[in-house]
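Right, one structure below, let's go through it.
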Amino acid sequence: MTQASLASRTLDAATRPLPAVAALLACALLTPLGLAATAPAHKLAPIYVHMNGANMFLENVVAVRPGQDVVFVDQDTGAHTIVGYNPLTGQSSPRFEGAVTGTPGPGHKVSTYAIAFSHPGLKFYYCSVHAELMKEPGGRTVPKKRPTVHGFGDPMAGLIIVTTDPHLLADNPPTTHEKILPGYFGG
């Protein structure tokens, strides 16, 4: 076989689509970018993050799948905000900004705010009523407790990890599966 005929056969084989490759290519072209591996087949149960009179997010670090709702539940008589921010720039997120009004107590309608994220990543947030963003040495921006706020010494802040890692998803506190926590109301 001559070098020219070998090159011609190799080129023919390389340009002829295999059925499996063609099917994968069709799926990739017809699926919106990033959704093929992350879109759940059914609606996932939400993950709950609770707040009460201690001015803290009880579950301050949670992991969720892309597209899964995170529901912030205000079991406090006071109002709170949920503001996403970038720790590298200090910029707040216009898409990740919510507010919850206070809840008078058990038996009353509980104020909630829900959000879902479509792409894996880290989503930092804080309550702007009870914390403020401050630049640290080295340039990173972090929430700090407002001096006039009562409650625990930590700032009212948290992190949502959007992931498909089953180990991280399994590490959520058990309370993230309950909308209302009995005996957790406070003001």
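Computed from the coordinates by the stated procedures, all read-outs in this text should not be read as laboratory data. Just so you know, these numbers come straight off a predicted model, no measurement behind them. Here the Cβ is made from the backbone with ideal geometry for all residues, glycine too, and neighbour counts use every protein chain on show.
Sorting check: for 57-63, 116-122, which peptide has the highest mean count of neighbouring beta carbons within 10 Å, and how do the rest follow?
57-63, 116-122
How much length is gained on full extension from residue 42 to residue 129, taking 0.36 nm per residue of separation minus their Cα-Cα distance?
Separation in residues times 0.36 nm, less the Cα-Cα distance, equals 27.7 nm.
Would you list which lysines come within 25 Å of residue 43, measuring only between C-alpha atoms, while excluding same-chain residues fewer than 8 positions from it?
109, 123, 179
In the neighborhood of residue 59, defined by Cβ-to-Cβ distances under 15 Å, what is the net charge if each Lys or Arg adds +1 and each Asp or Glu adds -1?
Surrounding charge for residue 59 is -4.
Obtain the nm distance between the two label points defined at residue 171 and residue 136 by a simple spin-label model: each point lies 7 Å from its Cα along the Cα-to-C-beta direction.
With each label point 7 Å from Cα toward Cβ, the separation is 1.8 nm.
Among residues other than residue 89 whose Cβ falls under 14 Å from its Cβ, what is the net charge (Lys/Arg +1, Asp/Glu -1)?
+1
Which of rounded, prolate, oblate describes segment 80-187, given a ≥ b ≥ c as roots of the alpha-carbon gyration tensor eigenvalues and a/c under 1.5 marking rounded, otherwise prolate only if a/b is larger than b/c?
It comes out oblate by the Cα gyration axes.
Under 12 Å from the Cβ of residue 129, count the other residues' Cβ atoms, weight Lys and Arg +1, Asp and Glu -1, and hand me the total.
-1
Provide the FRET efficiency to the nearest 0.05 for the residue 180-residue 92 pair, computing r from the beta carbons and using R0 = 45 Å.
After rounding to 0.05, the efficiency reads 0.95.
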